[in-house]
1. Given an 8 Å cut-off on Cα distances and at least 6 residues of separation, report the relative contact order of region B:21-107 as a percent.
2. Grab the beta carbon distance between residue A:24 and residue B:129, set R0 = 22 Å, and tell me the FRET efficiency rounded to 0.05.
3. Using only the alpha-carbon atoms, how far is helix B:41-63 inclined from the longest principal axis of chain B? Give it as 0 to 90 degrees, nearest 10.
4. Helix B:21-36 sits at what angle to the longest principal axis of chain B, using alpha carbons and giving 0 to 90 degrees rounded to 10?
5. Using a Gaussian network model on chain A with a 10 Å cutoff between Cα atoms, which of A:13, A:62, A:86 fluctuates the most?
6. Once label points are set 7 Å from the Cα along Cα→Cβ at both residue A:58 and residue A:93, what is their separation, rounded to one decimal in nm?
7. Which residue, B:61, B:116, B:37, tops the fluctuation ranking in a GNM of chain B built on C-alpha contacts under 10 Å?
8. Which value in Å does the Kirkwood hydrodynamic radius of region A:18-73 take, with 1/r averaged over all unlike C-alpha pairs and then inverted?
């Protein structure tokens, strides 16, 4: 080829090296996974699978033995399979909620726990059918003694609310930390500790008399 | 991206799962290794199903507390152990296969990049050559006219 003279050979080599660098850079970018934000989503939906209708007949006053149906869900956006747990706790208005800043869980005892392995980009959802199976009135306050959660009875200790007002169910997301080899409240991402929790308030003004 | 939604009723456990937690954690670590090696979600999905089965059996075993249920509890824990062993073995195999596949894909991608650079250089050479020939042809086709 007439083009490949001694002068133009250097131009060709320069073009080849430039193209090689560009193409290899493209290859590097396509084969290297991009860093992405890692997070979980935690949600509680009402009876109709929407963020509404949380209480039977739209009445926040739950009756003894009255079933309430919610849906609990977690979405894994951590980029890998995760072992997660939703811990359900019951408390009153004086209960210390989880601390978002410090990443501390609520001190309330665990009433129920849902544990599951979920894949990346997978949403796991489970029905949460609960009722107050036992509550007593004493000295102007209502003590919740037992909850029925998905046909299992969970005994509750030492939780009472004045006149049965402002009780709440807390849902905390715990994730398995492979480094610590244990469940921890929240998860680590980019060197930061993140937490996810929800609470739903209700009243219980019709306990059985002591 | 593929979004999966699994809706499944699950029995609540009033106790935290303590008996086999470290083993579950070890298995999860092996799954993470497989994923890091390049295992796809469709390859990992059957293992996740098995792990959830093991979790359910483990929760069932924990509920059996009375002495007359000890044998059933032991049987369930043996099943859990077998499932975890199966998952660990498959995860280890998956790590090897996925690692090899990822390495091959990476090498091929870099090779294709080299080939693309060669083709690009050839295309450039031909383009410049044709352009020069065109310029020469145009030069000889010119006619001098007196103004």
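1. Relative contact order, region B:21-107: 48 percent.
2. 0.25
3. Here the helix axis deviates by roughly 10 degrees.
4. For B:21-36 against chain B, the angle is about 10 degrees.
5. Of A:13, A:62, A:86, the Gaussian network model singles out A:13 as fluctuating most.
6. Taking the simple label geometry, residue A:58 and residue A:93 are separated by 2.4 nm.
7. It is B:116.
8. About 15.9 Å for region A:18-73.
Where a number appears in this text, it was derived from the coordinates with a stated rule and is not lab data. For clarity, every value in this text was computed on a predicted model and none was experimentally measured. Quick reminder, even Gly has a Cβ in these numbers, built from the backbone with ideal geometry, and neighbours come from all protein chains shown.
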